[in-house]
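*Asks:* Dumping the structure here so I can ask a few things about it.
The values are calculated or read from the model by the stated rules, or taken from the named source; none is laboratory data. Bear in mind the structure is a predicted one, so any value in this text is a computation, not a measurement. Cβ: placed from backbone, ideal geometry, glycine included. Neighbour counts: every protein chain shown.
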């Protein structure tokens with residue numbers, strides 16, 4: 001089985017792909033790693049934040065052939081006061097906030113809804129998304145990955161770690177994200193250095209992101225090694241897979 005693992009940023013994949021083979025790509029800002037595991041081949045890719053970057057990463061995972069399953073993994077923001085940094089979730093519903101399209105990945109009594117947006121959401125937007133969609137988490141890629149998986153008729157699983165709560169006092173990050181979905185770090189650092197009010201939240205975000213990536217790596221590996229055959233049709237699917 002060929003399994004694609006799609007993230008936005010290298011930091012989300014770093015603990016997972018340690019020791020994997022780094023595969024050169026011809027595209028700027030696109031990173032790829034592979035690992036052989038018995039009869040499986042795992043392909044991890046990232047290309048930046050947002051729908052277009054997620055599409056490029058998905059395409060990179062398929063350069064050597066179609067994937068049989070895809071995981072959408074990485075960091076996410078909390079949409080309610082109940083969400084705290086460090087929480088791990090496997091959302092079973094993904095909503096595209098731009099189109100209203102909903103992807104049912106699994107049937108559960110208590111849904112975990114992830115909302116995908118076109119930009120980084122501030123506190124007001126997070127609360128609106130929670131009220132409108134019943135959302136618990138927000139990211140910028142998972143709806144695109146779910147749509148691409150559905151078009152191919154392959155199962156998808158979403159694994160997310162919360163890195164910031166709904167009230168986190170963070171700067172508006174959108175002006176610092178370029179057209180390729182990459183953060184303009186030099187400009188962002190210059191901006192926040194002059195605004196110490198943002199420092200505590202950014203430090204907490206950095207710590208939660210680092211520890212969250214480590215937890216994600218262990219959760220993903222456990223799923224790939226122990227759970228994928230049991231769960232692939234039972235709790236992680238796009239709805240395009242026949243029963």
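*Asks:* Could you look through region 73-84, keep only residues that are in contact with a strand residue (DSSP E or B) (Cβ under 6 Å, 6 or more places away or on another chain) and in a loop (DSSP other than H, G, I, E, B), and pick out the one that is surrounded by the fewest Cβ atoms within 10 Å (Cβ to Cβ)? Full working, then the answer.
*Replies:* Going residue by residue through region 73-84, those that are in contact with a strand residue (DSSP E or B) (Cβ under 6 Å, 6 or more places away or on another chain) are 73-79, 83.
Of the ones still in play, those that are also in a loop (DSSP other than H, G, I, E, B) are 79, 83.
Working: 79: 28, 83: 21.
So, considering only residues that are in contact with a strand residue (DSSP E or B) (Cβ under 6 Å, 6 or more places away or on another chain) and in a loop (DSSP other than H, G, I, E, B), the one surrounded by the fewest Cβ atoms within 10 Å (Cβ to Cβ) is 83.
*Asks:* Residues to consider are 70, 30; find the one that is surrounded by 16 or more Cβ atoms within 10 Å (Cβ to Cβ), in contact with a helix residue (DSSP H, G or I) (Cβ under 7 Å, 6 or more places away or on another chain) and touching a residue at least 40 places away in the same chain (Cβ under 8 Å).
*Replies:* Working: 30 fails: touching a residue at least 40 places away in the same chain (Cβ under 8 Å).
Answer to the check: 70.
*Asks:* Something else about it: Are there any pairs with C-beta distances below 7 angstrom linking a residue in region 152-163 that is at positive phi and modelled with pLDDT under 95 to a residue that is surrounded by fewer than 22 Cβ atoms within 10 Å (Cβ to Cβ) and in a loop (DSSP other than H, G, I, E, B), with the two at least 6 apart or on different chains, and if so which?
*Replies:* The qualifying pairs are 153/240; 153/241.
*Asks:* Moving on to the next point. Of all the residues that make up region 190-206, how many are over 16 Å from residue 9 (Cα atoms) and either surrounded by fewer than 12 Cβ atoms within 10 Å (Cβ to Cβ) or in contact (Cβ under 8 Å) with a residue 60 or more places away in the chain (or both)? Please lay out each step first, then the result.
*Replies:* Initially, region 190-206 is screened for residues over 16 Å from residue 9 (Cα atoms), giving 190-204.
Remaining after also requiring either surrounded by fewer than 12 Cβ atoms within 10 Å (Cβ to Cβ) or in contact (Cβ under 8 Å) with a residue 60 or more places away in the chain (or both): 190, 193-197, 200, 203-204.
Going through region 190-206 one residue at a time, the tally reaches 9.
*Asks:* Separate question: If a residue has to be out of contact with any strand residue (DSSP E or B) (no Cβ under 9 Å at 6 or more places or on another chain) and in a loop (DSSP other than H, G, I, E, B) to count, how many in region 39-67 make the cut? Give the derivation first.
*Replies:* In the first step, residues of region 39-67 are kept if they are out of contact with any strand residue (DSSP E or B) (no Cβ under 9 Å at 6 or more places or on another chain); the result is 39, 52, 55.
Filter once more, keeping what is in a loop (DSSP other than H, G, I, E, B): 39.
Number satisfying all stated conditions: 1.
*Asks:* Within region 107-121, which residues are touching a helix residue (DSSP H, G or I) at 6+ places or on another chain (Cβ under 9 Å) and either within 15 Å of residue 165 (Cβ to Cβ) or surrounded by fewer than 24 Cβ atoms within 10 Å (Cβ to Cβ) (or both)? Step through it out loud before you land on a result.
*Replies:* Applying the first criterion (touching a helix residue (DSSP H, G or I) at 6+ places or on another chain (Cβ under 9 Å)) to region 107-121 yields 113-121.
Once the filter is applied, which keeps residues that are touching a helix residue (DSSP H, G or I) at 6+ places or on another chain (Cβ under 9 Å) and either within 15 Å of residue 165 (Cβ to Cβ) or surrounded by fewer than 24 Cβ atoms within 10 Å (Cβ to Cβ) (or both), region 107-121 yields 113, 117, 118, 119, 120, 121.
*Asks:* Moving to a separate point now. Look at residue 47 and say whether it is within 18 Å of residue 176 (Cβ to Cβ), modelled with pLDDT of 95 or more, buried (at least 17 other Cβ atoms within 10 Å of the Cβ) and in contact with a helix residue (DSSP H, G or I) (Cβ under 6 Å, 6 or more places away or on another chain). Walk me through it before giving the result.
*Replies:* Values: within 18 Å of residue 176 (Cβ to Cβ): yes; modelled with pLDDT of 95 or more: yes; buried (at least 17 other Cβ atoms within 10 Å of the Cβ): yes; in contact with a helix residue (DSSP H, G or I) (Cβ under 6 Å, 6 or more places away or on another chain): yes.
So residue 47 passes the test.
*Asks:* Would you check if there is a residue in region 170-183 being surrounded by fewer than 21 Cβ atoms within 10 Å (Cβ to Cβ), touching a residue at least 24 places away in the same chain (Cβ under 8 Å), touching a strand residue (DSSP E or B) at 6+ places or on another chain (Cβ under 9 Å) and farther than 17 Å from residue 51 by Cβ?
*Replies:* Yes; the residues of region 170-183 include at least one that is surrounded by fewer than 21 Cβ atoms within 10 Å (Cβ to Cβ), touching a residue at least 24 places away in the same chain (Cβ under 8 Å), touching a strand residue (DSSP E or B) at 6+ places or on another chain (Cβ under 9 Å) and farther than 17 Å from residue 51 by Cβ.
*Asks:* Can you find a residue in region 126-141 that is surrounded by fewer than 24 Cβ atoms within 10 Å (Cβ to Cβ), in contact with a helix residue (DSSP H, G or I) (Cβ under 6 Å, 6 or more places away or on another chain) and closer than 20 Å to residue 6 by Cβ?
*Replies:* No: zero hits.
*Asks:* Closer than 20 Å to residue 156 by Cβ and outside any strand (DSSP E or B): is that true of residue 35 in this structure?
*Replies:* Values: closer than 20 Å to residue 156 by Cβ: yes; outside any strand (DSSP E or B): no.
The answer is no for residue 35.
*Asks:* Scan region 10-27 for residues that are surrounded by fewer than 22 Cβ atoms within 10 Å (Cβ to Cβ) and either within 13 Å of the chain's Cα centre (by Cα) or more than 18 Å from residue 72 (Cα to Cα) (or both) and report the count.
*Replies:* So the count comes out to 12.
*Asks:* List the strands (runs of 3 or more DSSP E) inside region 85-198, counting only whole elements, that have at least 2 residues being more than 20 Å from residue 212 (Cβ to Cβ). Break it down stepwise before answering.
*Replies:* Numbers: elements: 93-96, 102-104, 113-116, 137-139, 156-164.
Strands (runs of 3 or more DSSP E) meeting the threshold: 93-96, 102-104.
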